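Encoded as structure tokens, the structure appears first; notes follow it.
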Amino acid sequence: MKIIVFGATGATGTEVMKQAKERGLDVTAFVRNPAKLPDHSTFIQGDATDRKAVQAALQGQDAVISCLGASGLGKTTQLSIMTGHILSGMQLYGAKSIHYVASAGIDHEISGLQGKLAQFILRNVLKDHREAVSLIKDSGFRYTIARPMQLINGPFTGDYRTHPASIPEGGRKISRADVAHFLLESLHHDAYANASIGLAY
């Protein structure tokens, strides 16, 4: 399986690249600035807002992992635009699946004050994620949507909880390393196929 990672130099994408290499997977980073990648990383240089560049990068790839993020908390359509470019490239070149990091809260699944604060503070980012996820679900490709709670820079533990409809009860945080682990597991784990999964400790 050949895997391409978008957002590969971000905090979560870096962990995906690292763990994919440790597993011996055939992984390629799509990046604006290859200098930010570890040595010996396979990469395609380009901008995820460039439709033609994204489409070309999908040639020969089997699966997509998207760790793309929005810049800031203002109104944005960046995520849905970039996701649309990825899906069009998948359609052109026959990639089979997309594994997308969204955020807990896209389904209004966080209850209480914490949920209300998330919906207010992250309203623009969550709206863009929802639109991107809608495109993915309507695409016909196999997909996994990761909905992590607050991301932290902790170590990989492999000891996290998942929930297919909401978020793990009482869960508040999860390390980017463990989100990366989940994404790589979702490549071949049937329980995560065509599912949106809440993640937390």
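Between a first residue in the range 60-75 that is at pLDDT 95 or above and a second residue that is among the polar types (S, T, N, Q) and crowded, with 20+ Cβ neighbours inside 10 Å, which pairs have beta carbons less than 8 Å apart while being 6 or more apart in sequence or on different chains?
D62/S97; A63/S97; V64/S97; S66/T83; C67/T12; L68/T83
In the range 89-121, how many residues are within 17 Å of the chain's Cα centre (by Cα), surrounded by 15 or more Cβ atoms within 10 Å (Cβ to Cβ) and either modelled with pLDDT under 90 or not in a helix (DSSP H, G or I) (or both)?
12
Find the residue count for the range 1-38, including only residues that are farther than 21 Å from K96 by Cα and open to solvent by 40 Å² or more (accessible area, probe 1.4 Å).
Adding up the residues that qualify gives 11.
Take the residues in the range 44-56 that are within 17 Å of the chain's Cα centre (by Cα) and surrounded by 14 or more Cβ atoms within 10 Å (Cβ to Cβ); name whichever of them is nearest to S175 (Cα to Cα). Spell out the reasoning first.
Going residue by residue through the range 44-56, those that are within 17 Å of the chain's Cα centre (by Cα) are 47-49, 54.
Narrowing the set further to residues that are surrounded by 14 or more Cβ atoms within 10 Å (Cβ to Cβ) leaves 48, 54.
Values: A48: 25, V54: 28 Å.
Of everything passing the filter in the range 44-56, A48 is nearest to S175 (Cα to Cα).
Here is a check on your reading of the model: is I86 open to solvent by less than 10 Å² (accessible area, probe 1.4 Å) and either charged (D, E, K, R) or in contact (Cβ under 8 Å) with a residue 24 or more places away in the chain (or both)?
yes
In the list S80, S41, which residue meets the criterion of being touching an Asp or Glu at 6+ places or on another chain (Cβ under 7 Å) and either buried (at least 17 other Cβ atoms within 10 Å of the Cβ) or in a strand (DSSP E or B) (or both)?
Unique residue meeting the criteria: S80.
Between a residue in the range 159-170 that is more than 19 Å from H108 (Cβ to Cβ) and any residue that is of a type outside the set (V, I, T) and in a loop (DSSP other than H, G, I, E, B), which pairs come within a Cβ distance under 9 Å, given they are 6 or more apart or on different chains?
The qualifying pairs are D159/Y201; Y160/P168; Y160/G171; Y160/Y201; R161/P168; R161/E169; R161/G171; R161/Y201.
Return yes or no: is L126 open to solvent by 50 Å² or more (accessible area, probe 1.4 Å) and at pLDDT below 95? First the steps, then the outcome.
Values: open to solvent by 50 Å² or more (accessible area, probe 1.4 Å): no; at pLDDT below 95: yes.
So L126 fails the test.
Of the residues L25, L37, which is more than 19 Å from K127 (Cα to Cα), modelled with pLDDT of 95 or more and among the aliphatic types (A, V, I, L, M)?
L25
Considering only the range 176-196, I want to know if a residue exists there that is in contact (Cβ under 8 Å) with a residue 60 or more places away in the chain, closer than 18 Å to Y100 by Cβ, in a strand (DSSP E or B) and in contact with a strand residue (DSSP E or B) (Cβ under 9 Å, 6 or more places away or on another chain).
Yes, the conditions are met somewhere in the range 176-196.
Filtering the range 132-160 down to residues that are small (G, A, S) and outside any loop (DSSP other than H, G, I, E, B), which residue is surrounded by the fewest Cβ atoms within 10 Å (Cβ to Cβ)? First the steps, then the outcome.
Initially, the range 132-160 is screened for residues small (G, A, S), giving 132, 134, 139-140, 146, 154, 158.
Imposing the further condition that a residue be outside any loop (DSSP other than H, G, I, E, B) reduces the set to 132, 134, 146.
Values: A132: 27, S134: 13, A146: 27.
The selected residue is S134.
The values are calculated or read from the model by the stated rules, or taken from the named source; none is laboratory data. These figures come from a predicted structure and were not determined experimentally. Every residue, glycine as well, gets a Cβ built from its backbone with ideal geometry; the counts of neighbours run over all protein chains shown. Surface accessibility is based on the protein's heavy atoms, side chains included, excluding ligands, DNA and RNA. Shrake-Rupley method; radii C 1.70, N 1.55, O 1.52, S 1.80 Å.
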